[in-house]
Amino acid sequence: MMFSASPIALASESESTRFKASFSGPFQIIASTLTTITVAVTGEGRATHLGDSDLSATVTIVLATGVGTSTDTTITGASGDEDEGNLFLTTVTSETPPSPQGIIILSGTYTITGGTGELGGATGSGTVSGTVSIPAGTFPRASAGP
């Protein structure tokens, strides 16, 4: 899954800076109804301002429209340094129906809703894109680009 952005503003900086991140990892279906499925997503990758990072999110997908929404996406620096901080996002993506090989293409937007540590007060928005492999239950690394 790839995140790329228009500039984000950080509380500790007087100017905006660009944000880019790329993650890969597994997902697991944790709930389903006749109209939705909810998946837990975890991943490892790299993010601007955090370096090596971990991603976690819970995404609810409306089956009739293919729109997935996450209000708890968190990107955390993998170093464990508390000053480094976390970045919190809300994402809205559209998923294509699975191909015969079980590949889903997703694209959408995200909004940065805050952060902690050095990322406290972060704001901004951008685009999300990636692929999901249903048979493998993973989302492979995507190349990042503005």
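The figures follow:
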{"item": "Residues that are over 14 Å from the mean Cα position of the chain (by Cα), assigned to a strand (DSSP E or B), surrounded by 14 or more Cβ atoms within 10 Å (Cβ to Cβ) and modelled with pLDDT under 90, drawn from segment 38-61", "result": "61"}
{"item": "Where a residue in segment 76-95 is within 17 Å of residue 43 (Cβ to Cβ) and its partner, wherever it lies, is charged (D, E, K, R) and at pLDDT below 80, with Cβ under 8 Å and at least six apart", "result": "77/84"}
{"item": "Hits in segment 85-138 - residues which are farther than 23 Å from residue 67 by Cβ, assigned to a strand (DSSP E or B) and of a type in the set (Gly, Ala, Ser)", "result": "114, 115"}
{"item": "Test: residue 79 is outside any strand (DSSP E or B), of a type outside the set (A, V, I, L, M) and surrounded by fewer than 21 Cβ atoms within 10 Å (Cβ to Cβ)", "result": "yes"}
{"item": "Within segment 22-37, considering residues that are in contact with an Asp or Glu (Cβ under 9 Å, 6 or more places away or on another chain) and within 21 Å of residue 85 (Cβ to Cβ), the one surrounded by the most Cβ atoms within 10 Å (Cβ to Cβ)", "result": "23"}
{"item": "Residue list for segment 15-37, restricted to those being among the hydroxyl-bearing types (Ser, Thr, Tyr), more than 13 Å from the chain's Cα centre (by Cα) and part of a strand (DSSP E or B)", "result": "16, 17, 32, 36"}
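The values are calculated or read from the model by the stated rules, or taken from the named source; none is laboratory data. All values derive from a computational prediction rather than experimental measurement. We place every Cβ from the backbone using ideal geometry, glycine too, and count neighbours over all the protein chains shown.
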